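Read the structure below first, then the notes.
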Amino acid sequence: MEGRKSMDLTVNRGSHSISVDPEKPLLWVLREDLHLPGTKFGCGAGLCGACTVLLDGQPVRSCQTPVGAVGEATITTIEDVTSQPAGPHVVAAWEDLDVPQCGYCQAGQIMTATWLLEQMPDPQDEDIDAVMSGNICRCSTYLRIREAIRQAAKAKGAAV
């Protein structure tokens, strides 16, 4: 199969061997080859944030990340976000405050919020707005997203 290459990926704490074109976007490898549908396709240009995953703990737009560029990095998707220290707190706050309306962008929102709380345990509203500004919510639940991040920060701080 021309263009395909065997690769070993670490996704959600598991090893996966795949044969795929190295230029294929990580988003489609996750969804089509590894059957992890939680990461969403939004704009395809890395602008909306719906496809955000963590690559060695850093948020990346999986629609713009060729799988061949992943190398030995560890990938965390929404399916395993609770393995991250802030993840369970973020998910609990999202559920408690009923953040999503349509829910389409929420996987990317949650992944970015989880990263934010790892970088900044007690973010101010300006910090939240700055970091989350790259994630678009077509239902405009931004105030609930901000409140959920504040709640998750408090819960995470109390759990330490």
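The values are calculated or read from the model by the stated rules, or taken from the named source; none is laboratory data. This is a predicted model, so every value here is computed, not measured. Don't worry about glycine lacking a Cβ; one is built from the backbone with ideal geometry, like all the others, and counts go over all protein chains shown.
Just a few scattered comments:
- Scope region 75-115; condition in a loop (DSSP other than H, G, I, E, B) and more than 18 Å from residue 49 (Cβ to Cβ); matching residues: 85, 97, 98
- Odd one out for residue 154 among (1) under 22 Å from residue 79 (Cα atoms); (2) in a helix (DSSP H, G or I); (3) modelled with pLDDT of 95 or more: (1)
- Sole residue being at pLDDT 95 or above and in contact with a Lys or Arg (Cβ under 7 Å, 6 or more places away or on another chain), chosen from 51, 63: 51
- Filter pass, residue 155 being small (Gly, Ala, Ser) and surrounded by fewer than 19 Cβ atoms within 10 Å (Cβ to Cβ): yes
- Residue list for region 1-40, filter: part of a loop (DSSP other than H, G, I, E, B) and aliphatic (A, V, I, L, M): 1, 34, 36
- The residue pairs whose first member lies in region 131-150 and is in contact (Cβ under 8 Å) with a residue 60 or more places away in the chain, whose second member is among the aliphatic types (A, V, I, L, M), and whose beta carbons are closer than 9 Å, counting only pairs six or more residues apart or on different chains, are 134/47; 135/50; 135/111; 135/113; 135/145; 136/47; 136/50.
- Filtering region 52-65 to residues that are farther than 13 Å from residue 112 by Cα and surrounded by 14 or more Cβ atoms within 10 Å (Cβ to Cβ) leaves 63, 64, 65.
- Residues that are exposed (fewer than 15 other Cβ atoms within 10 Å of the Cβ) and closer than 11 Å to residue 68 by Cα, drawn from region 22-51: 22, 23
- Test for residue 72: is it of a type in the set (Asp, Glu) and either surrounded by fewer than 15 Cβ atoms within 10 Å (Cβ to Cβ) or modelled with pLDDT under 95 (or both): yes
- Filtered by the rule that a residue be aliphatic (A, V, I, L, M) and buried (at least 23 other Cβ atoms within 10 Å of the Cβ), region 104-127 gives 107, 110, 111, 113, 117.
- When 73, 152, 159 are checked against the criterion of being under 26 Å from residue 29 (Cα atoms) and either in the same structural domain as residue 34 (by TED's automatic domain parsing) or of a type in the set (Gly, Ala, Ser) (or both), 73 stands alone in meeting it.
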